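Here is the structure we will look at, set down as structure tokens.
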Amino acid sequence: PAALPLLRMAASELANDAPAIAARALIYAAGLADDLDLAAEASQDVLRAVELARIAGGGGLIAAATTGVGAILAERGDPVAVDYCTEGIAAMGIETPLEQRRSVLANCARLAWQVGDLVTARRWALEATPLLAGPPRIATSQLASTLAALDLAEGALDSAQEHAGQALAVARELDLGRELPLVLAIASRVHLARGEHEDAIAAALACLDAASTSGMQWTSAIAFETCAAVLADRHPDDAATLAGSAAALRSAGSRPAPVTLRLGPTPGDVVTRDAATALARGLLNRD
């Protein structure tokens, strides 16, 4: 989009006199590039943002830039994401409002879980837990869904269900379109693990709908994987097709699935996004 070159131009012009503003511009540019699956450009933008943030100083800015790097790396399954998150958390001094610190911790817990560092994810999530008792916000949904995924991985299914329900309620109340596909995917996996097949189907269908309306094609990957997991026992060949179609979407943006959600049918044939959506919806509605 036209905003990308404008943000980069502004950052270049402001780098010497206003490095903090330049860093913010590049953080936004990195987010836009990442949404477009321009992984190399996103990484370049956000790494430059980190350099500028370190020059400008300020714990909040450094935390924003380093966790931005963490987010892009975590999307690519790179465990180095945790190192950048660690730097961002450490950068927040006593002047950082407690709620802001907890929000950063919730985000970082999600990223650590995504790359499979479950011990660090749990530690950061526990420190951020007071957010769950506060007003609904994006960080609340991130934290609750991460806790649900961690609980699921550990076999604590009652706790997983409670946290998944809270994450979903907040994501729906705040209309968090970017959050909903992953939150619903986790909820469906929790229902599946609990033997609640009809609830797992309902969450998978909702995940499919959320991904279809998100505006970003790559969000359909988690939806197809979720549907494949639900359908694997009754429709193994179709589940393999959904898994294969998800793998193709992930490959296009170098976006591996979160580590604890990777178990599922072996990828099979690849069909288009629309065809995979229709296949999954038809099978789930029939079941």
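Here the spin labels are modelled as points 7 Å beyond Cα on the Cα-Cβ line, and at L32 and E162 they lie 4.4 nm apart. Electrostatic bookkeeping for A202 treats Lys and Arg as +1 and Asp and Glu as -1; over the other residues with beta carbon under 15 Å from its beta carbon, the sum is 0.
The charge dipole of the chain, taken about its Cα centre with unit charges on the Cβ atoms of Lys, Arg (+1), Asp and Glu (-1) only, comes to about 220 debye. At full extension, R234 and R123 could sit 36.1 nm farther apart than now, given 0.36 nm per residue minus the alpha carbon distance. Using the Cβ of E99 as centre and a radius below 13 Å, the other residues enclosed give a net charge of +2, where K and R count +1 and D and E count -1. Unpaired Cys in the chain, meaning no second Cys C-beta under 4.7 Å: C207, C227.
For region 19-138, the gyration tensor built on C-alpha atoms gives an oblate shape. Its axis ratio a/c (a ≥ b ≥ c) is at least 1.5, and a/b is not larger than b/c. Protein heavy-atom surface of the chain, 1.4 angstrom probe: 56% of the accessible area is carbon and sulfur, with nucleic acids and ligands not counted.
Name all residues of region 256-287 having a backbone nitrogen under 15 Å from the label point set 7 Å from the Cα of H197 along its Cα→Cβ direction, giving them as ranges. Counting backbone N atoms under 15 Å from the label point, the list is 283-287. Under a Gaussian network description of the chain, with springs only between Cα atoms under 10 Å, the residue in I89, I72, I55 that fluctuates furthest is I55. Spin-label pair T86-Q44: with each label point 7 Å from Cα along the Cα-Cβ axis, the two points sit 2.9 nm from one another. Each Cα pair under 8 Å and six or more residues apart adds its separation to the average, and for the chain the resulting relative contact order is 12 percent. In order along region 233-245, the phi-based Karplus estimate (6.51 cos²θ - 1.76 cosθ + 1.60, θ = phi - 60°) of 3J(HN,Hα) comes to 6, 8, 9, x, 5, 5, 4, 5, 5, 5, 5, x, 5 Hz; Gly and Pro are listed as x.
Taking all protein chains into account, the per residue accessible area for the chain stands at 43 Å² (1.4 Å probe). Projecting the Cα atoms of V69, L242, V270 onto the dipole axis of the chain, where Lys and Arg carry +1 and Asp and Glu carry -1 at the beta carbon, places V69 farthest toward the positive end.
Ranking A160, I27, L284 by how far each Cα lies toward the positive end of the dipole of the chain (charges on Cβ) leaves I27 at the top. Taking every C-alpha pair closer than 8 Å and separated by at least 6 residues, the mean separation divided by the residue count of region 45-135 gives a relative contact order of 25 percent. Rounded to the nearest 0.05, what FRET efficiency do T96 and R286 give with R0 = 45 Å and r taken as the Cβ-Cβ distance? Could you check? With a Förster radius of 45 Å, E is 0.30. Label point of A275 set 7 angstrom out along Cα-Cβ; within region 212-251, amide nitrogens under 12 Å from it belong to 241-242, 245. Is the shape of region 33-91 rounded, prolate or oblate, going by the alpha carbon gyration tensor and its root eigenvalues a ≥ b ≥ c, with a/c under 1.5 for rounded and a/b larger than b/c for prolate? It is oblate, given that a/c is not under 1.5 and a/b is not larger than b/c.
The values are calculated or read from the model by the stated rules, or taken from the named source; none is laboratory data. Quick caveat: nothing in here was measured; it's all calculated off a predicted structure. So basically every Cβ, Gly included, is an ideal-geometry build from the backbone, and we count neighbours across all protein chains shown. The accessibility values were calculated without ligands, DNA or RNA, using every heavy atom of the protein model including side chains. Shrake-Rupley method; radii C 1.70, N 1.55, O 1.52, S 1.80 Å.
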